[in-house]
Amino acid sequence: MKTKFYSTVFMLLGCMMMGNAQAQNPECMTNLSIYTEHVKVKNYDAAYAPWKMVYETCPQLNRANFLYGERILKDKIKKSSGAEKDAFISDILALYDNSMKYFPAKTKMADVIIDKVLMKYDNKMIGDDEIYSMLSKAFTEDLANFKNPKALYLYFSSLVDLNKAGKKDLQEVFEVYDNVTVKIEDENAKLTEVISKLLPKEEAGTLTSKEKRRFKAANTNSESFGKIAGSIDSKLGPLADCGNLIPLYEKTFEQNKSNVVWVKRAVGLMFNKECTDDPMFQKLFEAQLALDPSADAYVYGGTLKMKSGDSKAALADFDKALSLETDARKKSNIAYKVAVINKRKGSKSTARRYAQKAIDANSSNGRAYLLIASLYATSANDCGSTTFEKRAMYWKAADMARKAGRVDPSLSSTANKSANSYSQKAPTKAMIFETGMAGKTVTFSCWAGGSVKVPSL
């Protein structure tokens with residue numbers, strides 16, 4: 001025990017002495033100052049030689065050796081080709097590893113792995129097997145710091161390609177899909193929370209400079225996660241249709257029926273993919289009910305009752321689900337699911353009511369706004385006695401779609417497309433002029449209710 005203690009002490013003293021020695025190296029200190037000034041003005045060519053001297057001689061002197069070194073080497077990679085480029089790529093890969101070696105407290109494992117994978121991927125130096133192996137390690141061992149949208153996509157995409165090549169089974173694809181989807185939702189939730197707090201001030205024009213930067217960054221990152229989520233769903237594509245899901249779950253149900261996580265994910269995926277008519281959905285639902293009679297279970301139970309024609313009992317289950325859930329975000333997601341169920345059933349008024357409950361529980365639930373927008377758009381012919389009044393409903397729909405993109409930028413692409421589509425169907429300037437409705441209000445007497453103000457010409 002004593003020997004171990006003394007060894008530890010000597011090791012620590014050795015590190016301290018090495019650090020002090022590096023700090024006392026006047027050449028290193030001089031070149032550190034030189035290359036940092038060059039990097040600040042993006043003169044990477046001039047920065048390279050002094051940086052290389054410091055990095056190789058005094059790696060522990062300053063973390064700038066790695067932060068600025070990455071910029072310098074990326075510039076070299078960009079400007080070079082052939083064997084020279086390959087050499088710089090090898091250098092930056094080693095730099096990533098050394099950053100963890102020399103500054104372990106300030107370096108995240110996931111960041112190092114992701115940086116190495118993306119560098120290799122962007123330079124066509126890595127295959128699906130290595131991508132999936134490396135990113136799987138980062139995702140499972142350092143999940144909290146796995147936040148790069150592109151890496152999340154590559155992690156899942158490489159697995160799907162390995163499945164197509166017969167190297168990975170479909171069950172693993174679904175498991176990783178669920179894990180990655182949850183991660184994206186969690187990261188986006190953090191961003192939309194920032195947006196929801198700052199949005200009133202942004203709309204009022206009272207954001208500070210710091211708040212403007214936070215607001216812009218949150219919007220940009222949320223949009224990135226939205227694009228990646230869409231790409232992941234596209235990559236999954238037909239693999240998750242009912243024709244694949246049902247036989248897979250039939251095959252694996254017995255061995256997994258006591259695994260509450262597996263059961264909940266299976267029934268959730270079947271619900272999302274509208275495979276609720278198959279007896280397997282009933283079987284999975286009953287398994288979840290036995291293992292975890294939670295809020296979601298009542299949602300699925302209500303779905304089955306709705307399909308059997310017992311709307312009253314279905315709504316009772318839906319309301320039970322909402323009363324059981326105490327987490328605001330989860331309550332919002334449940335209310336949204338219920339809204340979707342009622343929309344599929346054609347119960348537009350009920351669908352909107354639950355979509356509004358979703359918004360009330362979580363004002364950042366953009367999907368609920370989009371659902372309401374869709375309900376309005378599909379009701380245009382039922383709301384109004386004239387063509388102008390009917391088409392005016394599209395203004396109401398477009399407004400809801402735009403709100404979806406505002407509260408949740410991950411949906412901005414879909415929201416903008418929907419809003420533009422609805423706006424094109426609304427009354428034209430010519431129609432407004434001909435009817436003399438400019439600046440007036442159109443009131444709706446159908447289920448949608450409410451009103452819209454006609455734009456002034």
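Just so you know, all these numbers are worked out from the coordinates, no wet-lab data involved. Given the structure is predicted, the values throughout are model-derived calculations rather than measurements. Reconstructed Cβ throughout: ideal geometry from the backbone, glycine too, with neighbour counts over all protein chains shown.
Straight-line cross-link reach from K390 at under 20 Å between alpha-carbon atoms covers these aspartates and glutamates, not counting any fewer than eight positions away in the same chain: D382, D399, E434. Calculate the length of the line joining the C-alpha centroid of the range 151-193 to that of the range 399-457, in whole Å. For the range 151-193 versus the range 399-457, the Cα centre distance is 36 Å. Modelled this way, with points 7 Å down the Cα-to-C-beta line, the labels at N244 and A438 are 5.5 nm from one another. Straight-line cross-link partners of K78 among the aspartates and glutamates, defined as a Cα under 15 Å from its Cα and at least 8 positions apart when in the same chain: D45, E70, D86, D91, D122.
The modelled label-to-label distance between N123 and T57, using points 7 Å beyond Cα along the C-beta direction, is 2.6 nm.
Once divided by 2.2 N^0.38 Å, the Cα radius of gyration of the range 145-234 becomes 1.37.
Sorting the segments 204-216, 272-284, 294-306 by their mean number of nearby beta carbons within 10 angstrom, highest to lowest, gives 294-306, 272-284, 204-216. Highest-first packing order for the peptide set 62-73, 354-365 is 354-365, 62-73, based on the mean count of other beta carbon atoms within 10 Å. Candidates A189, S157, V176 compared by Cα position along the dipole of the range 145-234: farthest toward the positive end lies A189, with charges placed on Cβ. Dipole magnitude for the chain: computed about the Cα centre from +1 point charges on Lys and Arg Cβ and -1 point charges on Asp and Glu Cβ, it is near 1420 debye.
When +1 charges are put on Lys and Arg Cβ atoms and -1 charges on Asp and Glu Cβ atoms, the dipole computed for the range 148-287 relative to its Cα centre reaches about 760 debye. Working note: Cα gyration tensor of the range 284-379, eigenvalues times five, square-rooted, sorted largest first, giving semi-axes of 22, 17, 9 Å.
The angle between the Cα long axis of helix 366-377 and the longest principal axis of the Cα atoms of the chain comes to about 30 degrees, rounded to the nearest 10. The distance between label points at R71 and M431 comes to 5.4 nm (points 7 Å beyond Cα on the Cα→Cβ vector).
Simple rule: put +1 on each Lys or Arg Cβ and -1 on each Asp or Glu Cβ in the range 308-457, find the dipole, and look at L324, W447, P427; the Cα lying farthest toward the positive end is P427.
Looking at the range 351-457, what % of the alpha carbon pairs are farther apart than 19 Å? Please list the in-between numbers first.
On the way: 2409 of 5671 pairs.
In whole percent, the share of Cα-Cα pairs in the range 351-457 beyond 19 Å is 42.
Dipole magnitude for the range 10-163: computed about the Cα centre from +1 point charges on Lys and Arg Cβ and -1 point charges on Asp and Glu Cβ, it is near 420 debye. Residues of the range 331-369 falling in the label zone of L324, defined by backbone nitrogen less than 16 Å from a point 7 Å along Cα to beta-carbon, are 331-338. Since only I359, A335, Y298 are under comparison, the one whose Cα sits farthest along the positive direction of the charge dipole of the chain, derived from C-beta charges on Lys, Arg, Asp and Glu, is I359.
What FRET efficiency comes out for S349 versus K216 if R0 is 41 angstrom and r is the Cβ-Cβ distance? Round to the nearest 0.05. Don't skip to the end; give the middle numbers.
Working: r = 38 Å, r/R0 = 0.93.
Given R0 = 41 Å and the Cβ-Cβ separation, E is 0.60.
Can you list the residues of the range 333-349 with backbone N under 19 Å from a point 7 Å past the Cα of D292, pointing along Cα to Cβ? Once the point is set 7 Å along Cα→Cβ of D292, 333-338 turn out to lie under 19 Å by backbone N, inside the range 333-349.
Residues of the range 286-304 falling in the label zone of A313, defined by backbone nitrogen less than 12 Å from a point 7 Å along Cα to beta-carbon, are 301-304. Computed from the Cβ-Cβ distance with R0 of 56 Å, the FRET efficiency linking W447 to E37 stands at 0.25.
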